[in-house]
Each structure stands twice: as C-alpha cells, then as structure tokens.
Amino acid sequence: MPGPDGDRRRHDNRSRARREYAAGAVTLAARPRFLIVELTRKCNLSCDMCRPPSLNRSAGSMAPELFERLAAELFPYAEVVDLRGWGESLILPDFEARLARTAASGAAVRIVTNLSFERPAVLDALAAAGAYVGVSLDGATAATLRHLRRGARLDLIERNLLHLSGALARHGFGDRLCLYVTCQAPNLDELGAIVDLAGRCGVGDIRFAPVTGAAGTALALPDDVARLRAAVAAAEQRAAHWGIRASLTASLVDWPAPVPGDSACLHPWTHCYIAADGRIGFCDHLIGPAGDPYLMGDLNAAGFEAIWNGPAWCALRREHLGARAPTAPQFDECAWCYRNRHLDSEDLLEPALCDKRLLLSKVTWP
C-alpha cells in the first residue's frame, strides 16, 4: 500500500491540477492525473473497426524498463492508471505483475478488454485490486460477433463476464464493471439484445458509441435517423427492464457545431497516453496507429517534463482555450469531440461530472 508521502503527493497534485485548469494555465506544475499506459499493441482478435487491412499492423509490448520508469516518475501522482492501449493487455504473461505494481502505487486501476480468452486468475486479480473494467462487446449473437471481432467467442465472453461480475461483487466493487458497445451497421438491430446479455451477466452500466472513421465502409451507421432512434429506443427499454444505466459516450449522428459555451476538455491538462514504444499523446480516444499523428513526444528522446510542457502540448492547451479550429495542429479529432463526444470516464477524476452522462433517455435527434 502507498505510504503517507505517496498519498500526499497525489492529493497535492490533484489540487494543483484543478487550480491550473481553472486558471487556464498552459504550462503546468501538476503531473497527469490520468495515465493510459499501453502495455502492448498485440491482440488476440482482428477487428475491421481498429485493424483493417490498410492499417499498419506492427505490434510490440512495453519494455519492463520503460514501465518501471513510468511507475517511479508518474504513478505516485496519478489518480487513475489505465493499463490498456491498442492491444489486449490481459493476454500478457506478466500482466498480473504489472497490475500489482500499479495497485501498489495507490492509483486506481482501469482496463478495457475483449474478455475473449481463458485466464480466470487474471480476472480474480483485477477484482481483488478493485479495478475499473470496461468490456468491449459488439454482438448478441455468435455470428455477429464473429463478423465484427474475428476470433472472438461469445460463449467464452459471457462466461468471463459472469465470473468477473461475481468476483467484483464479492470484493465490494460491483459497480466498477461496464460494457462498451460500438454501434455499427451490422449490430444495430442487436442493441437491445446486447443489453439483455449484460443484464444476465450482472453488468449494471453500458456505454454506446459509433465506430468513428467508418464512413464509406460496411461498418458505417446508416443515414436513416428513424432506424437509429428505434435501435436506441430498444436498448433504452431493455436497460430500464434490467435497471442498467445506459448512455452514449458519443453521438450516433454527427452534429454540425460545438455546444455553445462548452468548457475546455480536461484531457490536455489531466490525461497522458504513453504508447508501448515510449511515444506520448494526450488522449485515451487517440490510441493506436490511427492516433499516432497526434503523438507529441518520445520518452526515448526527451524527458517527460520537456514533452508535457513542450511547445506542442502548450499550443494544444491554448487551442482548447481559444478558437478550437479543426485545422490547428493536433486538433482535428478534438473538433469532432466538441460536437459529438459525451462523458465517459472523466468522472473518475471529477465525480460531479457524472451528472453530465448522456443517458439514452436524454438523447436528442436532429
């Protein structure tokens, strides 16, 4: 367990970070509050939404020396350490050791996983650590899941969900499990059935979002707003039946303009993504090869401070405070988010934000 010095550093860093964000500072004394540590880019599945044939499939894992450097330098300040990336972290042979090292720092542990593997001891370790676990599941039938996530087994995922939900509940962390569902043309008519699957497996939180960048592909959502509304209504009805909190983390229909008066996104002030090879970015939505253009430094070439408060990151913070032009460096995806992104896990840092979650019952349509 962390000692009082570690707890004090984390508490002081949180207070400092809040002050700097409120003041609109672009050069920060605070360290990241939310770390995304990409343990690997290797995956046991092959899904068109993130690994299409046109995308670079090179994959590697984080060196132990780099992980230990991050643990020593940044974990004592972070409130959340998310041990995932473009790959599937839970298949790594040394994952339990990485989990133990992270939990020992005093930071909350978070993970997102496909759960399509047989490693019950890893699931038990996550539950014992009180980890926040997001499970990616995009189909309620074996055929749809095989189509969207090549290599996935629905029966195995269901069994693991039951195991994990039970283990978390026994440790008093039953509210830390959620399901992430990417909405795509092939699964749109199964959203209600996916909610039923979650209910049977003891999952109380489901978060839906579109597959971004899918325009012109077989995964793209239809322009038929009536069909989208019907799919969301079916999911909302089944969620009410099970008592599940169901929300959208991003709009299914692209909105034309940002919400007027919306405050600056927290991420450039609070989040830091460290890729498996040591390169650094600012957002957990920009992970993997598709997000590599948004990386802003490399720990193999510079110290963390030089990147965190370097010219690129400071310019990005200024843009979030100012014009928010899509053409600004590193800002194209951010401009989309200001129009379409809703609360996901930011309330782990700022609990008051949980009221901003877009429940399915509150979704508006053009």
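Taking the options LEU83, LEU66, LEU39, name whichever one is out of contact with any Gly (no Cβ under 7 Å at 6 or more places or on another chain), of a type in the set (A, V, I, L, M) and in contact (Cβ under 8 Å) with a residue 12 or more places away in the chain.
Result: LEU83 is the single residue among LEU83, LEU66, LEU39 that is out of contact with any Gly (no Cβ under 7 Å at 6 or more places or on another chain), of a type in the set (A, V, I, L, M) and in contact (Cβ under 8 Å) with a residue 12 or more places away in the chain.
Suppose we keep only residues that are among the β-branched types (Val, Ile, Thr) and surrounded by 15 or more Cβ atoms within 10 Å (Cβ to Cβ) within the range 210-249. Which one would you say is nearest to ARG341 (Cα to Cα)?
THR249
Would you please list the contacts, defined by Cβ atoms under 6 Å and residues six or more apart or on different chains, that run from a residue in the range 143-154 that is farther than 16 Å from VAL211 by Cα and of a type outside the set (S, T, N, Q) to a residue that is modelled with pLDDT of 95 or more and surrounded by fewer than 18 Cβ atoms within 10 Å (Cβ to Cβ)?
LEU154/ALA142
Which condition number in (1) charged (D, E, K, R); (2) modelled with pLDDT of 95 or more; (3) not in a loop (DSSP other than H, G, I, E, B) is the one that ARG31 fails?
The failed condition is (3).
Just need a number here: residues in the range 338-366 that are open to solvent by 30 Å² or more (accessible area, probe 1.4 Å) and closer than 18 Å to ASP254 by Cβ.
7
Identify, from the list GLY243, GLY278, the residue that is at pLDDT 95 or above and more than 30 Å from LEU28 (Cβ to Cβ).
Answer to the check: GLY243.
Is at least one residue of the range 128-140 closer than 25 Å to ALA220 by Cβ and without any contact (Cβ under 8 Å) to a residue 24 or more places away in the chain?
Scanning the range 128-140, I find no residue that is closer than 25 Å to ALA220 by Cβ and without any contact (Cβ under 8 Å) to a residue 24 or more places away in the chain, so the answer is no.
Name the residue, out of GLU96, GLU158, GLU65, that is under 27 Å from CYS47 (Cβ atoms), open to solvent by 20 Å² or more (accessible area, probe 1.4 Å) and either assigned to a loop (DSSP other than H, G, I, E, B) or not assigned by the TED database to the domain that holds CYS183 (or both).
GLU96
Looking only at the range 172-213, which residues are in contact with a helix residue (DSSP H, G or I) (Cβ under 6 Å, 6 or more places away or on another chain) and among the polar types (S, T, N, Q)?
ASN187
Given the criterion open to solvent by less than 50 Å² (accessible area, probe 1.4 Å), touching a Leu at 6+ places or on another chain (Cβ under 9 Å) and not assigned by the TED database to the domain that holds ALA198, identify the matching residue among GLY281, GLY303.
Selected residue: GLY281, the only one of GLY281, GLY303 that is open to solvent by less than 50 Å² (accessible area, probe 1.4 Å), touching a Leu at 6+ places or on another chain (Cβ under 9 Å) and not assigned by the TED database to the domain that holds ALA198.
Being within 12 Å of HIS271 (Cα to Cα) and touching a helix residue (DSSP H, G or I) at 6+ places or on another chain (Cβ under 9 Å) is the filter here; which residues of the range 22-36 pass it?
ALA30, ARG31, PRO32, ARG33, PHE34, LEU35 - these are the residues of the range 22-36 that are within 12 Å of HIS271 (Cα to Cα) and touching a helix residue (DSSP H, G or I) at 6+ places or on another chain (Cβ under 9 Å).
Could you list all residues from the range 103-125 that are open to solvent by less than 20 Å² (accessible area, probe 1.4 Å), without any contact (Cβ under 8 Å) to a residue 40 or more places away in the chain and assigned to a helix (DSSP H, G or I)?
Matches in the range 103-125: VAL122 only.
Does PHE75 satisfy being more than 20 Å from SER136 (Cα to Cα), modelled with pLDDT of 95 or more, assigned to a loop (DSSP other than H, G, I, E, B) and open to solvent by less than 40 Å² (accessible area, probe 1.4 Å)?
yes
Yes/no per residue for (1) more than 27 Å from THR182 (Cα to Cα); (2) at pLDDT below 95:
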position	(1), (2)
ALA312	yes, no
ARG318	yes, no
ALA323	yes, yes
GLU350	no, no
PRO366	no, yes
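For residues that are touching a residue at least 60 places away in the same chain (Cβ under 8 Å) and open to solvent by 10 Å² or more (accessible area, probe 1.4 Å), scanning just the range 257-275, find the one that is nearest to ASN13 (Cα to Cα).
Per the criteria, the residue is LEU266.
Does the range 162-173 contain any residue that is buried (at least 19 other Cβ atoms within 10 Å of the Cβ), over 30 Å from HIS267 (Cα atoms) and in contact (Cβ under 8 Å) with a residue 12 or more places away in the chain?
Checked against the condition, which is being buried (at least 19 other Cβ atoms within 10 Å of the Cβ), over 30 Å from HIS267 (Cα atoms) and in contact (Cβ under 8 Å) with a residue 12 or more places away in the chain, the range 162-173 yields at least one hit.
The values are calculated or read from the model by the stated rules, or taken from the named source; none is laboratory data. Since this is a predicted model, take the numbers as computed values, not measurements. Glycine gets a Cβ as well: all are built from the backbone with ideal geometry, and neighbour counts include every protein chain shown. Remember, those area values only see protein heavy atoms, side chains included, never the ligands or the DNA or RNA. Shrake-Rupley method; radii C 1.70, N 1.55, O 1.52, S 1.80 Å.
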